[in-house]
1. For labels at residue 130 and residue 150 in the simple 7 Å Cα→Cβ model, what's the distance in nm?
2. Output ³J(HN,Hα) for the range 160-166: one whole-Hz value per residue in order, computed from phi by the Karplus curve 6.51 cos²θ - 1.76 cosθ + 1.60 with θ = phi - 60°, and x for Gly and Pro.
3. Please state the shape class of the range 130-207: rounded when a/c is under 1.5, otherwise prolate if a/b exceeds b/c and oblate if not, all from the C-alpha gyration tensor.
4. Return the long-range amide H neighbours of residue 179 (sequence gap of 5 or more, or a different chain), with a cut-off of under 5 Å between placed amide H atoms.
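We did not get these values from a lab; they are worked out from the coordinates using the rules stated. Remember, predicted model here, so these are calculated numbers, not experimental data. Cβ coordinates were reconstructed from backbone atoms using ideal geometry, including for glycine residues, and neighbour counts include every protein chain displayed.
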Amino acid sequence: MNAGLIKHVALSALLLACAAQANAAPLTIELPAETVKLRPSQAPGYNLAQQKCGICHSADYIEYQPPGFDRAHWTALVRKMKDSYGAPVSDTDVEVIGEYLAGAYSGALATAMQPQTSVLPATDKPVNDVQVLLDQNACLACHAIDHKVVGPAYRDVAKRYKNDGQAVAKLIEHISQGSSGRWGEVPMPAFAGLSSQALEQLAEFVLRQ
């Protein structure tokens, strides 16, 4: 067999291999379902952690931390999430979540740090400004009005449910209980601590876009 023929055969084999690779089914990666939940607590930081920590990572990340962490260490960890990774938490949130984590995961509520109050002043008055609700719950860390961020644009949500008579009820369920698989692979954390009025306000706001 001469050199030219050998080269022709080799090139044909390479082309066939490339064609077979191109026609192969795309590789899919299926992540396991989230099973780890935050440890429940009566501390005000529990609901806050449910709403905000799950935006960036699963609850098992917290389980991996040293059990000997005191409140100062937990608070420093939350502050790192805010300062280094852009976690959508305020300085007050950092302290409140740190207190919850210390109590729930280390039994270490008592430290040299001053005790903190709840994230917002206690009040029986409903929140009438939707922007306040959006800010308090870091909604705009994952959503925008007219473009996708982590989650869908509010206008896209409104468009999908435009002719659905149960739209408000469905969105209330998705917000309060969390949602996954409807707009991609990233799940939406549950906002179980919101009042029924706040949930309705948010749902109606989204559907007006």
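1. Calculated label separation equals 2.2 nm.
2. Karplus-based 3J(HN,Hα) across the range 160-166 equals 5, 9, 4, 9, 9, x, 9 Hz.
3. Note, shape of the range 130-207 comes out rounded.
4. 188
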